[in-house]
1. Between V121 and residues 5 or more places away or on another chain, which pairs have amide H atoms under 5 Å apart, with H built 1.01 Å from N, and which residues are they?
2. What full-extension length gain, to one decimal in nm, is calculated for Y166 and D217 as 0.36 nm per residue of separation minus the Cα-Cα distance?
3. List the chymotrypsin sites (Phe, Trp or Tyr not before Pro) within the range 100-209 that DSSP assigns to loop and that have no more than 14 neighbouring Cβ atoms inside 10 Å.
4. Can you check how the C-alpha radius of gyration of the chain compares to 2.2 N^0.38 Å, as a plain ratio?
5. Between D267 and L133, what length in nm is gained on full extension when 0.36 nm per residue of separation is reduced by their alpha carbon distance?
6. Under the rule of at least 5 residues apart or a separate chain, name every residue whose amide H is placed under 5 Å from the amide H of R102.
7. Summing -39500 (n - 2.57) over the DSSP H runs of n ≥ 4 in the chain and dividing by its residue number, what mean residue ellipticity at 222 nm do you reach, to the nearest 500 deg cm²/dmol?
8. For S259, enumerate residues with amide H under 5 Å from its amide H, sequence gap 5+ or separate chain, H modeled in the peptide plane.
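Only the coordinates and a few stated rules stand behind these numbers; no lab work does. Small disclaimer: the values here were computed from a predicted structure and weren't measured. Methodologically, a virtual Cβ is constructed for each residue, glycine included, from the backbone with ideal geometry; neighbour enumeration extends over all protein chains shown.
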Amino acid sequence: MSVSIAAADQTVCAPLPVLGRDVTVPLVTGGEVTYAALDYAASAPALQRVWDDVAAYAPYYGSVHRGAGYLSQLSTDLFENARRTVADFLDCRDGDQVVFTRSTTDSLNLLAATLPAACQVFVFETEHHASLLPWRDARVTYLNAPRTPGEAVATLERALADRDPYGPALVCVTGASNVTGELWPVRELAAAAHAHGARIVLDAAQLAPHHPVSVRDLDVDWVAFSGHKLYAPFGSGVLAGRSDWLREAEPYLAGGGASRKVSRREDGGVDVEWHESAARHEAGSPNVIGAYSIASACKALTEAGFDTLVARERHLIDTVRAGLAEVPEVRVLSLFGDDAPRVGVISFVVEGWNSSHFAAALSAEYGIGVRDGLFCAHPLVRTLLGSDPQAQGECGAPEAAPGEKSLNAIRVSFGAGTPDEHVERFVRAVKELVRDGAQWQYRTEDGRCVPAV
Ligand SMILES: Cc1ncc(COP(=O)(O)O)c(C=O)c1O
């Protein structure tokens, strides 16, 4: 897995094999090219290893936690072993629970449903909507975008110092931004939260695929992440961490699997004893393939070695950033500045271009898949663009004339499966599009730019 190739001044490993690495797509300008999937921050391709593990297990698939048969027992073991693998991957503490959910969004909504009464929630406006929005039933304080990691800690400290010191409180923070890719000072924020008697949940959707996440070392109370961003796109996610709030809350979903005992009462009603384990919040038949695929991805990344993966990604980030820096019309979006440590997620705008138009041309003329828009982090992107929340862009015409503010951005993102050629093609494409313009006509369809023919 770690065949070494020489890069400029370091040795970086080859990309991990992923599905779709040989898929070709047609170009509007003629011919076909290998698809360059550069939208890992939305969904990463499945690792070949994950796919192989799932395929090897598939014939043995059986019901989890309910059957007496051999394959049910085997599937139950596999599901429970997956829980242990994830706990190891996250370096959980003794007594922490690992709950399998559908996604990060689901995990954070589950945690929101377990908040103790009168819990105050603190969340930066820079968060993905999955972290920003689930706390509707709580008293939420939205913190302004900080411009340095130190300012983030100071802002949180100030907000926590003003809170009701006796009530429960939760801080929700991202590990790596899905817009700028920048790493947040999680350990320091956790220390600030705990110093003020608050708890903290880490949204690791963008961090876990790129960096090791240690619950113990970061001293966070919970971690949430999604399988489909961790090279395991089979519909599962994870919420891991302290068991007390989870155990004391009503089950997230009511039904079989979450209940230990159900009996009729004399008054005609029903009494339920709920599980106290993770099963309490996993009602219904669990997604064993989803859980198993996450465990497989955790093992594959651990075996490849995060030091190696981080070094390789660093090389890809440097290539993209250096390439974009050579194009004066490109502005890379950043909260914490050029020197901030980051993962392979880079958003930018191109002066004089509509972002949807630019992304459509990257796809149609170069076979490169990126994302454009506000990336489910509207307040952050608008803060970075300085744009009006009510404004709308039109495809075809540049949404921002030179000197004006863009309304959307373009995001390129990559990871363990990305070959050098994909980011090199991307940099070349940006330069050519800015220099020569698009070679094709585009029109608006359902609010998106698409090739006119
Ligand atoms: C930082 C962050 N948090 C949460 C989410 C939500 O993840 P999911 O859509 O898998 O629930 C995303 C998805 O892009 C994200 O980037």
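1. Amide H to amide H, under 5 Å and 5 or more residues apart or across chains, V121 pairs with R139, V140, T141, L170.
2. 15.7 nm
3. Y166
4. 1.03
5. Using 0.36 nm per residue and subtracting the Cα-Cα distance, I get 44.2 nm.
6. Distant-sequence amide H within range of R102: S107, G237.
7. Result for the chain: -10000 deg cm²/dmol, rounded to the nearest 500.
8. Placed amide hydrogens put H275 under 5 Å from S259.
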